[in-house]
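Enquirer: Okay, handing you the structure first.
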Amino acid sequence: MPSEIATLEVATPGRGFHEISQELQNVVVQSDVSVGLCHVFLRHTSASLLITENADPDVRRDLESFISKLAPDGDPAYTHSMEGPDDMPAHIRSVLTCSELTIPIRNGRLALGTWQGVYLWEHRVRPHRRRIDVTVIA
Amino acid sequence: MPSEIATLEVATPGRGFHEISQELQNVVVQSDVSVGLCHVFLRHTSASLLITENADPDVRRDLESFISKLAPDGDPAYTHSMEGPDDMPAHIRSVLTCSELTIPIRNGRLALGTWQGVYLWEHRVRPHRRRIDVTVIA
Amino acid sequence: MPSEIATLEVATPGRGFHEISQELQNVVVQSDVSVGLCHVFLRHTSASLLITENADPDVRRDLESFISKLAPDGDPAYTHSMEGPDDMPAHIRSVLTCSELTIPIRNGRLALGTWQGVYLWEHRVRPHRRRIDVTVIA
């Protein structure tokens, strides 16, 4: 049996980054696990989980602008466009990044580097309710 | 000891997507694990494992067409071309996506979202035999 | 409790690939685990961990040249440029690839495919000291 499982519900205001490092730390503390692994899984294909720099918000702005150019909204090349001009690019962004992560636990805490934050990256333009499943194993 | 290990052999007909969600569910059911994690690992560097939308096949078609433009076959910029024009782009596609995934198990089943399917994405043009190692832990 | 934990310190000479497969094998052998999983985590957001072809070094050269064109150093589109022209592209490369990997253990060894090697991919131009946390579970 895992030492702890939890479900996080995140209401995103639309495209952009939402840090979840603290919510994950809370689950780890709750688990009482000192050394182990914390697995995080996003139940969606039009958003991502990622670890990136948590200091300068310009990093996230540049990531958003980079990926928007790489997989532009409303590209006429997309066949799948019924759900809006931001839907197919959202699937592409999801595939180019991650929808699940495993992070080590040391001394009862997520062993993230000093500059690492864990983010939910919403790729759809309109607000969405996102579900994340967390599993702590020792 | 893991609760269950299994090896899946997939014969791909060449470039494209092959869903393996059901084969993975079978391994999970076989394991009798109610709550845990299922790890899936691809032993190759010219194909990928990914989670993407399982409803409209146009999504997969658009993913294929997006990545074909991003890392085109036979690009004269590639130095590594001995094994054919689709070999170096296959390695690039593999690096930009994933070759391993961990998926939570809840209620004795893979806890995938409604629209999530797990796929082997073959990047080589000709048929290949691909090996996937599955590990279930509780 | 995990069967084994370890920390690898890698001094990179600057941008490029550094294979860590053997160091990981050593941790697995040390753990005495016959069947299980080995998790590898990089504590940084401007380098990556990846599995790619370990035979022809041209593959790594072509990967480097591909990603350098995709996210060029010093692109005037970047807002985050205080830490040098290679800093924002390093974060982009990190997000497009992986900063953590899980690899199955079979017969007391990492069950990598014949052509798979595990690499630390340094994205910064100058030398860096990188820390990798390894967790072996059975």
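Enquirer: Residue by residue through the stretch B:6-23, note down the ones that are closer than 20 Å to B:THR135 by Cβ, open to solvent by less than 60 Å² (accessible area, probe 1.4 Å) and out of contact with any Leu (no Cβ under 6 Å at 6 or more places or on another chain).
Expert: Passing the criteria: B:ALA6, B:LEU8, B:SER21.
Enquirer: Looking at the stretch B:13-29, which of the residues that are over 30 Å from C:VAL59 (Cβ atoms) and more than 14 Å from chain C (Cβ to nearest Cβ) is farthest from the chain's Cα centre (by Cα)? Please lay out each step first, then the result.
Expert: Taking the stretch B:13-29 as the starting set, the residues that turn out to be over 30 Å from C:VAL59 (Cβ atoms) are B:21-22, B:25-29.
Then keep just the ones that are more than 14 Å from chain C (Cβ to nearest Cβ); that gives B:21-22, B:25-26, B:28-29.
Working: B:SER21: 10, B:GLN22: 13, B:GLN25: 15, B:ASN26: 17, B:VAL28: 17, B:VAL29: 20 Å.
The extreme case among them is B:VAL29.
Enquirer: Sticking with this structure for a sec: Please determine whether any residue of the stretch A:92-107 is of a type outside the set (D, E, K, R) and more than 13 Å from chain C (Cβ to nearest Cβ). Break it down into steps so the answer makes sense when it comes.
Expert: As a first pass, look at the stretch A:92-107 and keep what is of a type outside the set (D, E, K, R): A:92, A:94-99, A:101-105, A:107.
Imposing the further condition that a residue be more than 13 Å from chain C (Cβ to nearest Cβ) reduces the set to none.
No, the stretch A:92-107 has no match at all.
Enquirer: Between a first residue in the stretch A:23-36 that is polar (S, T, N, Q) and a second residue that is open to solvent by 60 Å² or more (accessible area, probe 1.4 Å) and not in a helix (DSSP H, G or I), which pairs have beta carbons less than 8 Å apart while being 6 or more apart in sequence or on different chains?
Expert: These pairs meet every condition: A:GLN25/A:ARG109; A:SER34/A:ASN107.
Okay, residues lined up against (1) open to solvent by 20 Å² or more (accessible area, probe 1.4 Å); (2) aromatic (Phe, Trp, Tyr); (3) within 17 Å of the chain's Cα centre (by Cα):
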residue: C:THR45; (1), (2), (3): no, no, yes
residue: C:LEU49; (1), (2), (3): no, no, yes
residue: C:VAL59; (1), (2), (3): no, no, yes
residue: C:GLU64; (1), (2), (3): yes, no, yes
residue: C:LYS69; (1), (2), (3): yes, no, no
residue: C:GLY74; (1), (2), (3): yes, no, no
residue: C:VAL95; (1), (2), (3): no, no, yes
residue: C:ILE105; (1), (2), (3): no, no, no
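Enquirer: When you scan the stretch C:129-138, how many residues do you find that are of a type outside the set (A, V, I, L, M) and touching a Gly at 6+ places or on another chain (Cβ under 8 Å)? If you could, list the steps in order and put the result at the bottom.
Expert: First, the residues of the stretch C:129-138 that are of a type outside the set (A, V, I, L, M): C:129-131, C:133, C:135.
With touching a Gly at 6+ places or on another chain (Cβ under 8 Å) added as a condition, the list becomes C:131, C:135.
Qualifying residue count for the region: 2.
Enquirer: Another one. Quick one: is B:ASP32 at the interface with chain C (Cβ under 9 Å from one of its Cβ atoms) and open to solvent by 40 Å² or more (accessible area, probe 1.4 Å)? Walk me through how you get there before you give the answer.
Expert: Numbers: at the interface with chain C (Cβ under 9 Å from one of its Cβ atoms): no; open to solvent by 40 Å² or more (accessible area, probe 1.4 Å): yes.
Against the criterion (at the interface with chain C (Cβ under 9 Å from one of its Cβ atoms) and open to solvent by 40 Å² or more (accessible area, probe 1.4 Å)), B:ASP32 does not qualify.
Enquirer: Also, quick follow-up: With the checklist (1) touching a helix residue (DSSP H, G or I) at 6+ places or on another chain (Cβ under 8 Å); (2) modelled with pLDDT under 95 in hand, flag the one item A:LEU96 doesn't pass.
Expert: (2)
Enquirer: Would you check if B:VAL10 is over 14 Å from B:ILE103 (Cβ atoms) and either touching a residue at least 12 places away in the same chain (Cβ under 8 Å) or more than 14 Å from chain C (Cβ to nearest Cβ) (or both)? Working first, answer last.
Expert: On the way: over 14 Å from B:ILE103 (Cβ atoms): yes; either touching a residue at least 12 places away in the same chain (Cβ under 8 Å) or more than 14 Å from chain C (Cβ to nearest Cβ) (or both): yes.
Spelling it out, B:VAL10 is indeed over 14 Å from B:ILE103 (Cβ atoms) and either touching a residue at least 12 places away in the same chain (Cβ under 8 Å) or more than 14 Å from chain C (Cβ to nearest Cβ) (or both).
Enquirer: Looking for whichever is under 30 Å from A:GLU4 (Cα atoms) and open to solvent by 50 Å² or more (accessible area, probe 1.4 Å) here; the options are C:MET1, C:MET82. Which one fits? Before the answer, list the steps.
Expert: Working: C:MET82 fails: under 30 Å from A:GLU4 (Cα atoms).
Selected residue: C:MET1, the only one of C:MET1, C:MET82 that is under 30 Å from A:GLU4 (Cα atoms) and open to solvent by 50 Å² or more (accessible area, probe 1.4 Å).
The values are calculated or read from the model by the stated rules, or taken from the named source; none is laboratory data. Computed from a prediction, not measured in an experiment: that's the story for all the values here. Note: ideal-geometry Cβ built from the backbone for every residue, glycine included; neighbour counts use all protein chains shown. Accessible surface is based on the protein model in full, side chains and every heavy atom, while ligands, DNA and RNA are left aside. Shrake-Rupley method; radii C 1.70, N 1.55, O 1.52, S 1.80 Å.
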